[in-house]
Amino acid sequence: MALLKIICILLILVGLGQAEDIIFFADDHYKSISHLQLNASVTNPALSPGDGVLRISIANQGRIEELIPISSSDSPDDILQEQREEMNSSLAMDVRAALQSAGPIQVTSGVQHIAILPAGEARELQFNISIDRRASGWYDLPLRVDYVRTVDVSVSDGEAFPLHQPSNQSLNLRIYAFGDKDDLRIAGVRSHLYPGGEGSLIIAVENIGEDIVPNCSASLIAAPPFQVKSTDHPLGDLSPGEMASASFLVEVDGDAAWEEYQLGLGLRSKKMDLVLPFELSLKGSGRLISNGAILFIALLALLVLLAIILRRQKLLYGRKRRIKRL
């Protein structure tokens, strides 16, 4: 029966394209069919030339596809423990991320380490980088991620013996370097955004170059907790020294923190395509009092008003009694 189950598992894995990864212990009680996939994204993709810090989020998007029982001819405690241990097959352990230099971007820090990265979770890593002053535009940075995963577990007399297997992934990250020769700059940012709200974000753009920028348009580059609800904004022709403003409708997630966020303003014309980064803070803007607080204040005001009315009625009743005695 155990052999039949193993054959069935192999047939399933062949269908999923994972048969080459299957490993069995001779005394297996369970076998997990899992998928482990690491992804990486840049938290601050737009950087200025010079020395800086690149923040990268490593996420484990793995999952357990199925947990298949194979044998029940052993201690119930050992079988239950192996069932639990097999659930760790989507866990990435001893994760080591190495960011490589490319073109005018030099990585000056070494390998970054994450001890354990469970499925469905992410960790942020920081790399020191140096960008050449002449760099401008998009650049690709290779990221190699090595990790260890559990491919099978054997349990005997309450002691687990996991079988670990090294693995690696080659990822690619894109960052934008805006050089010192950009003809456009952000002259100002104005907003009244707050968590759970929707409002306008107005950005003023100035042409600081010596030539006209024809037929320019602006787009807002944002990530959660911001959701951009409007399309590109046309700015027209910008002469040297001229300013124009772009307005975007933005919705903010309700669980957004009161902190600073980095966004980007994409500017495009026939002769240029660049992204200007800027910081936006939700602190001290928008609705500072929640609906619950407003209701509490209203009830408190009502109680105070009732107390004043009752006190006046009591005083009026006392006066009437004194007049009757006289």
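The values are calculated or read from the model by the stated rules, or taken from the named source; none is laboratory data. Keep in mind it's a predicted model, so treat the numbers as computed, not measured. We place every Cβ from the backbone using ideal geometry, glycine too, and count neighbours over all the protein chains shown. SASA here: full protein model, heavy atoms, side chains in, ligands and nucleic acids out. Shrake-Rupley method; radii C 1.70, N 1.55, O 1.52, S 1.80 Å.
Here are the numbers for this structure:
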{"quantity": "The stretch 196-285 - charge dipole about Cα centre, Lys and Arg +1 at Cβ, Asp and Glu -1, debye rounded to 20", "calculated": "200"}
{"quantity": "Sequence of V250, V53 when ordered by accessible area, the most exposed leading, probe 1.4 angstrom", "calculated": "V53, V250"}
{"quantity": "Amide proton proximity set for D152, modelled H, under 5 Å, gap of 5+", "calculated": "L163"}
{"quantity": "The stretch 146-216, accessible area per residue, ligands and nucleic acids excluded (1.4 Å, Å²)", "calculated": "50"}
{"quantity": "Globularity ratio of the stretch 67-187, using Cα Rg and 2.2 N^0.38 Å", "calculated": "1.63"}
{"quantity": "Dipole of the stretch 120-214, positive direction: furthest Cα of N168, S200, A187, with charges on the beta-carbon", "calculated": "A187"}
{"quantity": "Whichever aspartates and glutamates have a C-alpha closer than 19 Å to that of K270, once near sequence neighbours (fewer than 8 apart) are set aside", "calculated": "D182, D183, E206, E210, D211, D232, D237, E242"}
{"quantity": "Apportionment of accessible area to carbon and sulfur, the stretch 126-167, percent (1.4 Å)", "calculated": "44"}
{"quantity": "Of every Cα-Cα pair in the stretch 99-256, the percent that sits beyond 27 Å", "calculated": "53"}
{"quantity": "Residue-level accessible surface for W138, protein heavy atoms, 1.4 Å, Å²", "calculated": "110"}
{"quantity": "Part-to-part distance (alpha-carbon centres) for the stretch 211-238 and the stretch 52-109, which is given in Å", "calculated": "40"}
{"quantity": "Förster radius 30 Å - calculated FRET efficiency between S130 and I186 (Cβ-Cβ, nearest 0.05)", "calculated": "0.80"}
{"quantity": "The stretch 229-271: GluC sites (Glu not before Pro) in DSSP coil with no more than 15 other Cβ atoms inside 10 Å", "calculated": "E242, E259"}
{"quantity": "Nearby aspartates and glutamates by direct alpha-carbon distance to K229 (threshold 20 angstrom, same-chain neighbours under 8 apart not counted)", "calculated": "E198, E251, D253, D255, E279"}
{"quantity": "Where H192, H164, H233 fall by accessible area, highest first, once all protein chains stay in place (1.4 Å)", "calculated": "H192, H164, H233"}
